[in-house]
Amino acid sequence: MIALSSLVLAVSLGALPADSPTTIQIRQTVQRSIPYIEEQGQWWITTKKCVSCHRGGNMVWSLSVAKRNGFKVSEKLDEWFDWAVEKSLSKNKKEKVVGLGNKEGVAQILLSLDSSNLKPDQSETRKKLAVLLRNGQQADGSWKPGGQLPSQKRPITETASVSTMWLTLTLLIAGNSTESSQAVDRAMKYIKQSTPGKSIEWYALRLLLAVQTKDFKLRDEFVKKLRSQQKPNGGWGWMVTDESDALGTGLALYALLRAGLDSNDQSIKCAQQFLVSTQRDDGSWPVKGTKEKKKNNVEETAVFWGTTWAVVGLIESLPKQSE
């Protein structure tokens with residue numbers, strides 16, 4: 001585990017909350033969220049019939065992680081996963097593959113797979129989706145952000161960097177080919193030259209890439225940076241300067257734990273407390289819109305994203321079986 005000074009953190013966050021949530025409380029919080037994710041995910045599939053808005057990826061990833069960690073999820077999860085894959089590989093009315101406009105969502109579908117226990121048909125699916133991800137890489141090593149992501153409330157250059165980081169991380173984990181390795185090499189050159197972001201998502205992904213590439217010096221640098229951005233109430237906003245929300249907190253919690261922070265670390269406990277104490281009765285968390293035009297109001301899609309990320313982050317923070 002990473003050994004970092006607790007002095008700075010203690011000053012910014014204060015003492016560890018006396019009412020830090022127990023493992024049982026965290027599991028109850030996660031389980032309360034699952035019906036919301038399933039119902040809203042199914043509603044989106046039924047009414048929108050759309051996989052290109054990143055909802056399908058968030059849905060199958062969070063539910064797959066929950067199932068692998070002993071939570072009760074719908075028996076329709078496999079059906080939803082197959083739908084997301086089939087839809088991503090299908091062609092639209094313009095004869096273009098749908099997933100090409102939603103590579104970030106395709107990345108999440110790939111990340112939902114258990115790499116240590118792939119079924120034969122999943123191995124083939126992973127190859128097909130990895131090929132799709134590599135498509136469209138630009139000469140500078142980046143990929144253009146898909147769908148409505150360019151309209152988010154951060155610089156378009158940052159959104160392009162974040163999209164590129166998501167695809168690069170996924171290819172590092174699931175690519176497993178010479179072509180994927182070459183695409184990753186080109187992308188990393190672009191990423192290393194990118195300007196520091198204004199969103200917690202940028203910092204979380206930069207940390208996850210450092211972990212995946214075993215760049216320990218950079219890992220420690222971004223762990224320290226991400227911890228310094230934690231708010232006094234224990235959370236993070238999706239944008240660094242935003243008030244705490246489930247989207248930013250889930251992303252930061254996941255990245256820090258993947259980087260090696262212990263689940264009993266003070267910053268982790270404070271983040272758990274923030275999420276457990278701010279969950280709404282329906283299992284969701286309020287999150288303001290990520291688009292520039294909707295940034296001042298709580299928006300349904302941002303709520304869905306934030307809830308799925310809170311679930312992924314909280315599950316990652318649970319004590320492992322050997323602990």
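All of the numbers you see were taken from the coordinates with simple rules; none came from a lab. A quick note: this is a predicted structure, and the numbers were derived from the prediction, not measured. When we count neighbours, we look across all protein chains shown, and the Cβ atoms used for this are built from the backbone with ideal geometry, even at glycine.
Of note:
- In a reduced charge model with +1 at each Lys and Arg Cβ and -1 at each Asp and Glu Cβ, the chain shows a dipole moment near 840 debye about its Cα centre.
- Between SER116, GLY101, SER277, the Cα set farthest toward the positive side of the dipole of the chain (charges on each charged residue's Cβ, about the Cα centre) is that of GLY101.
- Note on the range 217-323: with charges restricted to the Cβ of Lys and Arg (+1) and Asp and Glu (-1), its dipole about the Cα centre is near 360 debye.
- A helix-only calculation puts the chain at -19000 deg cm²/dmol for mean residue ellipticity at 222 nm, using -39500 (n - 2.57) for each DSSP H run of at least four residues, averaged over all residues.
- Under 24 Å from LYS224, Cα to Cα: lysines that are on another chain or at least 8 residues apart: LYS189, LYS192, LYS198, LYS214, LYS269, LYS320
- Anchor LYS291: aspartates and glutamates whose Cα lies under 18 Å away (excluding residues fewer than 8 positions away in-chain): GLU104, GLU158, GLU201, ASP242, GLU243, ASP245, GLU299, GLU300
- Environment charge of PHE222, counting only residues whose C-beta is closer than 11 Å and scoring Lys/Arg +1, Asp/Glu -1: +3
- Note that the range 193-205 has calculated 3J(HN,Hα) couplings of 9, 6, 6, x, x, 9, 10, 4, 4, 4, 5, 5, 5 Hz, one per residue in order, obtained from phi through the Karplus relation 6.51 cos²θ - 1.76 cosθ + 1.60 (θ = phi - 60°); glycine and proline are x.
- Inter-part distance where the range 246-299 and the range 74-133 are each reduced to a Cα centre, Å: 26
- Residues with amide H under 5 Å from that of LYS291, placed H, sequence gap 5 or more: LYS153
- Charge-dipole axis of the range 144-268 as Lys and Arg at +1 and Asp and Glu at -1 on Cβ define it, positive-most pick from MET239, GLY250, ILE156: ILE156
- When each of the peptides 174-183, 279-288, 236-245 is scored by how many other beta carbons lie within 10 Å of its residues on average, the order from highest to lowest is 236-245, 279-288, 174-183.
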